[in-house]
Amino acid sequence: MEIVTERLRLRHARLSDAPAMHAVPSSSSAMAYWSSLPHQTPEQTRKWVAAMVEAAASGPGLDFVIEFEGRAIGKAGFWRPPEIGYILNPDYWGRGLAREALEAVIRVGFEIGGIEEIVADVDPRNAASLGLLERLGFVRTGFARETWEIGGVLLDSVYLTLKRPQPVA
Ligand SMILES: CC(C)(COP(=O)(O)OP(=O)(O)OC[C@H]1O[C@@H](n2cnc3c(N)ncnc32)[C@H](O)[C@@H]1OP(=O)(O)O)[C@@H](O)C(=O)NCCC(=O)NCCS
């Protein structure tokens, strides 16, 4: 499956994405609130991309590499539906590209994935992610303490949801 938006192409991962994608999970700013520590080696990213390739082949196929001007700059989608996830190379932040990608994957999640309610689990300090989701209509539904242990530090979660739009009567 491939999604084309005004500026982006969203497509399933390929092993050849690993070198360009390494800039994403090796970035300490991109990984500041991620569910694992920044990658130290290209080999870690090769395995990360290989897992995406494998998941696209065997799973629901709702997780996508984001391509901008022919370059893989991040990923967005549903690694484990109905939870949404996304990460972009910081060189491309602040241009509305994440919003454009998420609008597309949300549509796919509802229309093709059959998801009734998309959920998100965000570190309360992650203002960019919370702002992005709320801009897209997500609402906060809860908060929990010490839900993650990353690098020996306990972290909290804010939960948000977006319900499938109801058809206009
Ligand atoms: C979250 C992330 C994807 C945002 O990417 P981005 O391309 O900079 O976002 P966009 O430019 O599309 O911004 C869309 C909206 O998000 C919100 N937003 C973006 N950055 C923000 C910030 N620093 N503070 C508050 N809101 C912000 C704004 O509402 C913005 O809407 P606007 O364009 O009308 O102002 C990016 O910061 C990222 O990859 N972070 C690291 C990975 C991550 O934390 N993923 C989420 C894990 S839960």
Which percent of Cα pairs goes in each bin when the distances of the stretch 30-77 are cut into 5 angstrom slices starting at zero? 5, 17, 21, 30, 21, 6
Descending Cα extents along the principal axes, the chain, whole Å: 51, 37, 32
Tell me which residues come under 5 Å, amide H to amide H, from Asp123 once H is placed; ignore anything under 5 positions away on its chain. Val158
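Can you show me the helix-derived [θ] at 222 nm for the chain, built from DSSP H runs with n ≥ 4 at -39,500 (n - 2.57) apiece and divided by the number of residues, rounded to the nearest 500.
Estimated from H runs of four or more residues: -8000 deg cm²/dmol.
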Report D for the stretch 4-97 in µm² per second (integer): Stokes-Einstein, Kirkwood Rh on Cα pairs, 20 °C, 1.002 mPa s. 161 µm²/s
How are the alpha carbon pair distances in the stretch 57-96 distributed across 10 Å bins from zero to the largest one, expressed in percent? 29, 48, 22, 1
Radius 15 Å from Cβ of Phe110, net charge of other residues (Lys, Arg +1; Asp, Glu -1): -2
Around Ile66, which amide H atoms from residues at least 5 apart in sequence, or from another chain, sit under 5 Å from its own amide H, with H modelled in the peptide plane? Ile73, Gly74, Lys75, Ala76
Based on Cβ point charges of +1 for Lys and Arg and -1 for Asp and Glu, what charge dipole magnitude is obtained for the stretch 2-163 about its Cα centre, in debye rounded to the nearest 20? 240 debye
Would you mind estimating how fast the stretch 84-169 diffuses translationally, via Stokes-Einstein at 4 °C and 1.567 mPa s with the Kirkwood radius over Cα pairs, in µm²/s? 91 µm²/s
Using the Cβ atoms and a cut-off under 14 Å, what net charge is assigned to the surroundings of Arg9, where Lys and Arg are +1 and Asp and Glu are -1? -1
Whole-Hz couplings from phi, Karplus 6.51/-1.76/1.60, listed for the stretch 150-161; x for Gly and Pro: 10, x, x, 10, 8, 10, 9, 10, 9, 9, 9, 9
Work out how much length Glu83 to Glu103 would gain on full extension: take 0.36 nm times their residue separation and subtract the Cα-Cα distance, in nm to one decimal. 5.7 nm
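Every read-out reported here was derived from the displayed coordinates using simple, explicitly stated rules and does not represent laboratory data. The shown structure was predicted, so the numbers you read here are calculated from the model rather than taken from an experiment. Heads up, the Cβs are rebuilt from the backbone with ideal geometry, glycines too, and the neighbour counts pull from every protein chain shown.
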